[in-house]
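The values are calculated or read from the model by the stated rules, or taken from the named source; none is laboratory data. What you see is a predicted model, and the numbers here were worked out from it, not measured in a lab. Methodologically, a virtual Cβ is constructed for each residue, glycine included, from the backbone with ideal geometry; neighbour enumeration extends over all protein chains shown. Calculation scope for accessible area: heavy atoms of the full protein, side chains included, ligands and nucleic acids excluded. Shrake-Rupley method; radii C 1.70, N 1.55, O 1.52, S 1.80 Å.
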Amino acid sequence: MTMESMQPEQPSGKRSRKRFPALCRFIGTFILIAIILAFLPLTFPRVLGWEVYEVVSGSMEPAIPVGSVIYVKAASPEEIAVGDIIAFQKNGSVITHRVAELHPEEKEFITKGDANRTEDLTPTPYGSLIGKEVFHLPYAGGLMTMLSGTAGKVYAVLFAVCGVLLRMLGGILEKQGGKKEDGV
């Protein structure tokens, strides 16, 4: 017999005692990163001065599907060209349509939803312009709306607390596991 074969194998209990704290810390970290990544599309664009809207109608399909999140950057009417997708105020709602014609003399746009057969009935005055579409995330609107609401924020805080507690639990268990090995 060799010396190596005479050494006792490490009991599986000790290995699992080392793995469980690491697993707790991993899951806690994963939860915290997931929360940050979920809120990033809502917060980072606002740092850039962009507005974030959820698309609730199919007037811009297939280019922008219902349920998408659209990011809009403030723009002056002079920056807008035919074919641009703009967001504008109309009767208390935010509308996102494509510019079909420019009427600088009248200071208005003629807009049309891609899925609509005809142009919008009333022109869009320059004063109603919010901005120009920068990009959009298809089908992310429901999640963004949920996260930006009170319930979404409460859930995010609760998940963040769980993530922090799991990381703390992992740290405590690692320290206790180290003390037991030292005392043996």
- prompt: Would you call A75 open to solvent by less than 50 Å² (accessible area, probe 1.4 Å), among the aliphatic types (A, V, I, L, M) and over 14 Å from Y139 (Cα atoms)?
  reply: yes
Search result, residues across region 106-131 that are farther than 22 Å from E51 by Cβ and outside any loop (DSSP other than H, G, I, E, B): I110
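So which of V157, V164, V134 ends up being assigned to a helix (DSSP H, G or I), β-branched (V, I, T) and touching a residue at least 12 places away in the same chain (Cβ under 8 Å)?
V164
Do you know which of the residues in region 100-117 that are surrounded by 19 or more Cβ atoms within 10 Å (Cβ to Cβ) and not small (G, A, S) is farthest from S59 (Cα to Cα)?
E108
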